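Heads up, the thing below is written out as structure tokens.
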Amino acid sequence: MNRIPVNEPDLTGNEQAYVLDAVKSGWISGGQYVKNFERMFAEFVGTKYAITTTSGTAALHLAVASLGIGPGDEVIVPALTIIATVNAVCYTGATPVLVDSEPDTYNIDPNLIEAKITPKTRAILPVHLYGHPADMDPILELARRYHLRTVEDAAEAHGAKYRGRMCGGLGNVNCFSFYGNKIITTGEGGMVTTDDDVLAERVSRLKDLSHSKERRFMHTDVAYTLRMTNIQAALGVAQMERANQFIGKKRWMADTYKQALDGIPGILLPIEKPWAFNVYWMYAILVTSEFGCSRDELMTRLNDRGIDTRSFFFPMHIQPVFKKMGLFREEYYPVAERLSEQGMYLPSGLTITEEQINQVADAIRSIHREVSG
Ligand SMILES: *Cc1c(COP(=O)(O)O)cnc(C)c1O
């Protein structure tokens, strides 16, 4: 039996031709594809600048560092996210401060942020988890009121919109990932987007050894080499040519799952708030006790039927690395913990077919009958 993978990229456009062209041109570090990818991406998000880098994690690191954040500063992040979001804060020497999640969007709960703001707070870093935008207006309003900066982690939200505005264009400086499972992929890669001239300049310098403006090979900061290759950017250009097609496919997938999974007790489907344009990076569901078995048991039984799934992230306050650092002791984020226990995502690759979606839904329905009968 053919397994259904949890994710698979679509590389059937101009990817091969452009990668080969980059190789043949001899420009394999920087080059024209890097410039074109940045231009296309800035146009797509609607920001003045889009700056390539080596990964989403590097983009987050560069974004936080460009704000001049460092030891003694605090950055507010969601308790439920991939650890890369929080590591980026730690790399700068700043301290991450956690906020619990909204039960329905899975994103940072804006109502709980203000209580976490202290005189040390410098920035708020919301994540648009699984493709649904975080509720940005209250976050931007808090940032205005307390003179904080904002960084969006839009690694999972290429093309998502908040009240008609593009995610990745709402914060002061924002981040995307192009890892192999992301909506737009370059294998490994990332992008920083911003409208701010000063921040764009800092990101560009920090990712390239911070050469002094006056003299190349004279350096003004301990900076990094976090440059994307022209070969990766060639993939990126080919992917951007089909960005809207990919987003359409994700939304079709979500519609199809919604119909196929309708009415199964204990399966809660992902939502789309009236103000949101969800790009459903992954079709992320919750498994409650009414289903008849645990999320983990459902995952095991789907695996036995050849269906690949993933659980949600583990929340940050239970991570051994942060315990070791003395962070988040005695802290408790009940919504993030429950989501982490109940959440999983179904096969959501860009190559998924209607038949495969129905196969997944039928499997979940039949497992429900087994465990409740
Ligand atoms: C994938 C991801 C990242 C990290 O991106 P990499 O390219 O793997 O470094 C950061 N944040 C979120 C929300 C992600 O999903």
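At-a-glance table
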quantity	calculated
Entries in Lys116/Lys273; Lys161/Lys182; Lys249/Lys273; Lys48/Lys213; Lys182/Lys249; Lys48/Lys161 that, when Cα-Cα distance is taken, lie over 23 Å	Lys116/Lys273
Value of D in µm² per second that Stokes-Einstein yields for the chain, Kirkwood Rh from Cα pairs, at 37 °C (0.692 mPa s)	154 µm²/s
Choice from Ser204, Ser212, Ser348 with maximal GNM fluctuation in the chain (Cα, 10 Å cutoff)	Ser212
Net charge dipole size for segment 243-372 [Lys, Arg +1 and Asp, Glu -1 on Cβ; Debye, nearest 20]	360 debye
Farthest toward positive dipole pole in the chain [+1 Lys/Arg, -1 Asp/Glu at C-beta], among Thr12, Gly26, Ile247	Gly26
Segment 341-362 and segment 298-316: distance between their alpha carbon centers, rounded to Å	11 Å
Extreme residue, positive dipole direction of the chain, given options Pro265, Thr229, Phe217 (C-beta unit charges)	Phe217
Fraction of antiparallel bridges per DSSP, the chain only, in percent to nearest 5	65 percent
Rounded to the nearest 20 debye, dipole of the chain from Cβ charges on Lys, Arg, Asp, Glu	900 debye
Mean-position separation - Cα centroids, segment 137-203 and segment 246-296, in angstrom	24 Å
Segment 1-158, dipole about Cα centre (Lys/Arg Cβ +1, Asp/Glu Cβ -1), debye to the nearest 20	640 debye
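Quick note: the coordinates plus some simple rules give every number you see, no bench work behind them. Computed from a prediction, not measured in an experiment: that's the story for all the values here. Here the Cβ is made from the backbone with ideal geometry for all residues, glycine too, and neighbour counts use every protein chain on show.
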